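Undergrad: First, the structure itself, so that you have it in front of you.
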Amino acid sequence: MHAFQYERPTLINEATKLLAAGGQALAGGQTLLASMKVRLMSPETLVDLNEVKELHGIEHVGDTIVIGAMSKHQSVENNADVKKFIPALSELASGIGDRQIRAIGTIGGSVANNDPAACYPSACLALGATIQTNKRKINAQDYFLGMYATALEPGELITSVSFPIPKRAAYAKFKQPASRFALVGVFVAQTDHGVHVAVTGAGNGVFRHKGLEEALNKSFTAEALEGIQIDKSDLNEDIHASAAYRANLIKVQTQVAVRHAIARAGVLD
């Protein structure tokens, strides 16, 4: 690993100044440090955000759950408000990596990195989350731009992610067993604006599926999806799965998520 300067600010203003000067934000480091070790990234300055208290914490504010960017996956998993109001988000966090990764990795780091097989982007897109930065608010629909690409500008820092509380929701992930990333993951959310279905792991980045959403808006049942055909032409194909297999998984995982959402709502009722 090459030599670099290490900064550990305690205030957002300090952090943003360092980032504006060309520093590289360090959250959980699960992707960044691995990339540095193999020289895929060579930042001259690392800006460790772990001591910036303003970036930590989870709050229930009105009809939303607001999660600080530096909140760890295990914090999202175990938070009482997340479990009560968006249990699907708690379950999503519980399935990320292993226990060590969940103790270190952060929601802000995941959303900023936007790995095409990451879990949080699907929750953001399905729930209609808002990504708050030090400069502005960005709707999830406008934020995710493709593989590792986001609407963030150079030096812009995610401070929190706000998730509207849905009527019901669930996440179903078919894991790639070695990495535990999603071979295909589907987050289904029934919201005040209709049913949203967001898919991760299957394509160039997270995306919503119009056909599945239209079927579920007519009938929120797993059976409503039986006749839906998933186009495989733009899906990933690699050593782990063919495009056709991923297409089938999208429908199957959506059905699993719908059944889970219905069952959970029945229990809560």
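Undergrad: Quick one: in the stretch 178-210, which of the residues that are free of Cβ contacts under 8 Å to residues at least 40 places away in the same chain and touching a strand residue (DSSP E or B) at 6+ places or on another chain (Cβ under 9 Å) is nearest to ALA117 (Cα to Cα)?
TA: LYS210
Undergrad: Scanning the stretch 242-269 for residues that are more than 22 Å from the chain's Cα centre (by Cα) and at pLDDT below 95, which turns out surrounded by the fewest Cβ atoms within 10 Å (Cβ to Cβ)?
TA: Looking at the filtered set, the residue picked out is ASP269.
Undergrad: Give the residues of the stretch 59-97 that are assigned to a helix (DSSP H, G or I) and more than 16 Å from the chain's Cα centre (by Cα), sorted by residue number.
TA: Of the stretch 59-97, the ones assigned to a helix (DSSP H, G or I) are 73-78, 80-85, 87-94.
Scanning the stretch 59-97 gives ASN78, ALA80, ASP81, LYS83, LYS84, PHE85.
Undergrad: Further question on the same structure: With respect to the numbered conditions (1) in contact with a Ser or Thr (Cβ under 8 Å, 6 or more places away or on another chain); (2) not in a helix (DSSP H, G or I), which one is the sole condition not fulfilled by PRO43?
TA: Against the list (1) in contact with a Ser or Thr (Cβ under 8 Å, 6 or more places away or on another chain); (2) not in a helix (DSSP H, G or I), PRO43 comes up short only on (1).
Undergrad: Taking the condition surrounded by fewer than 18 Cβ atoms within 10 Å (Cβ to Cβ) and over 13 Å from the mean Cα position of the chain (by Cα), does ARG180 pass? Explain how you work it out, then say what you get.
TA: Working: surrounded by fewer than 18 Cβ atoms within 10 Å (Cβ to Cβ): yes; over 13 Å from the mean Cα position of the chain (by Cα): yes.
Judged against the criteria, ARG180 is a match.
Undergrad: Report, by residue number, each residue of the stretch 23-40 that is in contact with a strand residue (DSSP E or B) (Cβ under 7 Å, 6 or more places away or on another chain), free of Cβ contacts under 8 Å to residues at least 60 places away in the same chain and part of a loop (DSSP other than H, G, I, E, B).
TA: Residue satisfying the conditions is GLY23 alone.
Undergrad: When you go through ASN113, ASN134 one by one, which is the residue that is polar (S, T, N, Q), in contact with a Ser or Thr (Cβ under 6 Å, 6 or more places away or on another chain), within 28 Å of ALA178 (Cα to Cα) and surrounded by fewer than 22 Cβ atoms within 10 Å (Cβ to Cβ)? Write out each step before concluding.
TA: On the way: ASN134 fails: within 28 Å of ALA178 (Cα to Cα).
Among ASN113, ASN134, only ASN113 is polar (S, T, N, Q), in contact with a Ser or Thr (Cβ under 6 Å, 6 or more places away or on another chain), within 28 Å of ALA178 (Cα to Cα) and surrounded by fewer than 22 Cβ atoms within 10 Å (Cβ to Cβ).
Undergrad: Out of (1) part of a helix (DSSP H, G or I); (2) within 23 Å of ALA257 (Cβ to Cβ), the odd one out for GLN100 is which?
TA: (2)
The values are calculated or read from the model by the stated rules, or taken from the named source; none is laboratory data. Note that the structure is predicted; figures quoted are calculated from it, not measured. Virtual Cβ from ideal backbone geometry, glycine too; neighbours counted across all protein chains shown.
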